[in-house]
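Structure first, commentary second.
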Amino acid sequence: MRSVVKYTDKLKSRLKTYRARKKFFAIEIAEGDITIDCGANVGDVTRYFCQKGATVYSFEPNPYAFQALIDKFDLSKSVHCIEKGVGCENGRRQLYLHENADSDQVKWSTGSSFLSFKKNIRKDKFIEVDVIDLCDFIQGLESRVKILKMDVEGVECEIMKKLIDTKVVNLIDHIFVETHEKKIPELRKDTEDLKQLIRRKNLKNINLDWI
């Protein structure tokens, strides 16, 4: 019976992801629209935004992934590659590397995280990186943001709560977030609290099913 429940939950999760991606790719992006890619990694989403003619701000703190990102978009005037993580304040943080990173730094860069308790990272293997306050950055744009995509390996909830509390969330048309409570159980309560906050505020521009 337990295996049936797990299989059903997996199907439901895949369906939510399918719907999120379908909604994402159905959004009409006009030339010059501002888009933000947080956790850009090697630039798959950034490339999509760029192809649509958007102005893209791509944040990636992992230096190995960032080098691949800058190699792709260095000549693009519409893509701004920023070697910083995003958070709730400006400063420096330790970015812990994936346990397999030594075998291929770029391949395993997607698993690097600011969370020392994430199970597949090495606590003894980290890089000091710059972090920017995402709320301040968005307010500083002085323009609406068409799409914000966020996949930052576990610190999404704290950032989203600040976006909501400061009402910066109202400056963004569409927000797509990958939450990590399934892989990081310690985040379950924070994720549920965020979902309740979104429901309580009746916010319709936030989708937490991105992957």
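Identify the residue in the stretch 17-48 that is in a loop (DSSP other than H, G, I, E, B) and within 15 Å of the chain's Cα centre (by Cα) and, among all such residues, is nearest to Leu163 (Cα to Cα). Per the criteria, the residue is Gly39.
May I ask you to verify whether His80 is without any contact (Cβ under 8 Å) to a residue 40 or more places away in the chain, under 19 Å from the mean Cα position of the chain (by Cα) and within 24 Å of Ile34 (Cα to Cα)? Considered against the rule, which asks whether it is without any contact (Cβ under 8 Å) to a residue 40 or more places away in the chain, under 19 Å from the mean Cα position of the chain (by Cα) and within 24 Å of Ile34 (Cα to Cα), His80 comes out as yes.
For Cys157, the conditions (1) part of a loop (DSSP other than H, G, I, E, B); (2) of a type outside the set (Gly, Ala, Ser); (3) touching a Ser or Thr at 6+ places or on another chain (Cβ under 7 Å) all hold with the exception of (1).
Here Ile175 fulfils each of the conditions (1) surrounded by fewer than 19 Cβ atoms within 10 Å (Cβ to Cβ); (2) under 18 Å from Asp133 (Cβ atoms) apart from (1). The number of residues in the stretch 89-113 that are open to solvent by 20 Å² or more (accessible area, probe 1.4 Å) and either of a type in the set (Val, Ile, Thr) or outside any strand (DSSP E or B) (or both) comes to 12. Residue by residue through the stretch 53-75, note down the ones that are out of contact with any strand residue (DSSP E or B) (no Cβ under 8 Å at 6 or more places or on another chain) and either under 21 Å from Tyr96 (Cβ atoms) or in contact (Cβ under 8 Å) with a residue 12 or more places away in the chain (or both). Matches in the stretch 53-75: Gly53, Tyr64, Ala65, Gln67, Ala68, Lys72.
The values are calculated or read from the model by the stated rules, or taken from the named source; none is laboratory data. Nothing here was measured: the structure is a model prediction, and the numbers come from that model. Here Cβ is always computed from backbone atoms with ideal geometry, including for glycine, and neighbour counts include all displayed protein chains. Only protein heavy atoms, including side chains, enter the accessible area calculation; ligands, DNA and RNA are left aside. Shrake-Rupley method; radii C 1.70, N 1.55, O 1.52, S 1.80 Å.
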